[in-house]
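Down below is the structure, laid out as structure tokens.
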Amino acid sequence: MDTKEFLAHLSRGQAVRAGSHLHQMMCELSNRAMRITSELNNSYHTEKEIREIFARLTDQNIDDSFRMFPPFYTDCGLNIKIGKNVFINSCCNFQDQGGVNIGDGTLIGHKVVLATLNHGLSPDDRGSLYPSPISIGRNVWIGSSVTILPGVSIGDNAIIGAGSVVTKDVDQNAIVGGVPAAVIRKL
């Protein structure tokens, strides 16, 4: 199985069993991401250089409007899709094996975690991984230290309050906060 087929497997939400050939592939992609993010995180880079490194990490064209303050961490990189005018602040961690889609104009605060994988619940299946994508709409503002769990979709223009844990979908134009995140009000 090549990388494209592997990412398609994950995008379908199919399991990756511990110790399997797919699990080995997942580890190889994680090692690739660690090499690239180590380069990104361990010396100063201009905005252009950051975009070039991020383009290698994600294997896609990155718009000139993209901005990031390293350090940045990910376990794959190849399953991140970024729109235009996106800003990612420092110390974010994207577990993107399950897929992360970020819409135009989104602002992501310090120390945000996007988690797209769950482990099996049964002790016998605990090492297996179950992917589920995160989708972030356009013009979303995600505050510092937010965690977004697998399978969550966030609607356009939503605001996620700092420190929130988002466990379910967020409607467009909603302001949510808390643990677990709940609607505070609508815009």
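Rule-based calculations on the coordinates, nothing more; no lab input. Please read these numbers as outputs of a predicted model, since none were measured by experiment. Cβ: placed from backbone, ideal geometry, glycine included. Neighbour counts: every protein chain shown.
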Report task. Using the Karplus curve 6.51 cos²θ - 1.76 cosθ + 1.60 with θ = phi - 60°, work out ³J(HN,Hα) for each residue of the stretch 52-64 in order, rounded to whole Hz, and write x for Gly and Pro. Result -> 5, 5, 5, 5, 5, 4, 8, 6, 8, 6, 10, 4, 4
Query raised in the report: What percent do you get for the relative contact order of the stretch 73-146 when only Cα pairs under 8 Å and 6+ apart count?
Result: 32
Query - Where a label projected 7 Å from the Cα of residue 4 along Cα→Cβ would reach, residues of the stretch 87-118 with amide N under 15 Å - result: none
**Report entry** Given charges at Cβ of Lys, Arg, Asp, Glu: the chain dipole, positive-most of 184, 90, 150
**Finding:** 184
Query raised in the report: Suppose every K and R has +1 on its Cβ and every D and E has -1 on its Cβ; what is the size of the dipole of the chain about the Cα centre, in Debye to the nearest 20?
Result: 340
Query raised in the report: So what J values fall out for the stretch 106-119 if you push phi through Karplus, 6.51 cos²θ - 1.76 cosθ + 1.60 with θ = phi - 60°, rounded to Hz, Gly and Pro as x?
Result: 7, 10, 10, x, 4, 6, 6, 10, 10, 10, 10, 10, 10, 8
Query raised in the report: Measuring from centroid to centroid over Cα atoms, what is the spacing of the stretch 4-30 and the stretch 133-186 in Å?
Result: 27
Query - Ranked packing of 7-19, 104-116, most packed first, by mean Cβ within 10 Å - result: 104-116, 7-19
Query raised in the report: List the lysines whose alpha-carbon lies under 23 Å from that of residue 168, not counting same-chain residues fewer than 8 positions away?
Result: 81, 111, 186
Query raised in the report: Using modelled backbone amide H atoms (1.01 Å from N, in-plane), which distant-in-sequence or interchain residues come within less than 5 Å of residue 182's amide H?
Result: 177
Query raised in the report: HN-Hα J couplings of the stretch 123-133 from phi, Karplus 6.51/-1.76/1.60, θ = phi - 60°, integer Hz, Gly and Pro as x?
Result: x, 6, 10, 4, x, 6, 10, 10, x, 7, x
Query raised in the report: Measuring from a point 7 Å past the Cα of residue 41 along Cα-to-C-beta, which residues in the stretch 76-106 have an amide N at less than 11 Å?
Result: 91-94
Query raised in the report: Does the stretch 95-161 come out rounded, prolate or oblate, given a ≥ b ≥ c as the square roots of the eigenvalues of its C-alpha gyration tensor, rounded meaning a/c under 1.5 and, failing that, prolate meaning a/b above b/c?
Result: prolate
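Please label the shape of the stretch 55-101 as rounded, prolate or oblate, based on the square roots a ≥ b ≥ c of the eigenvalues of the alpha-carbon gyration tensor (a/c under 1.5 means rounded; beyond that, a/b larger than b/c means prolate, else oblate).
Verdict is oblate for the stretch 55-101.
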Report task. Using only the Cα atoms of the chain, build the gyration tensor, take square roots of its eigenvalues as a ≥ b ≥ c, and label the shape rounded, prolate or oblate: rounded if a/c is under 1.5, else prolate if a/b is larger than b/c, else oblate. Result -> oblate
Query - Most positive-pole-ward Cα, 74, 107, 135, against dipole of the stretch 40-156 from beta carbon charges - result: 107
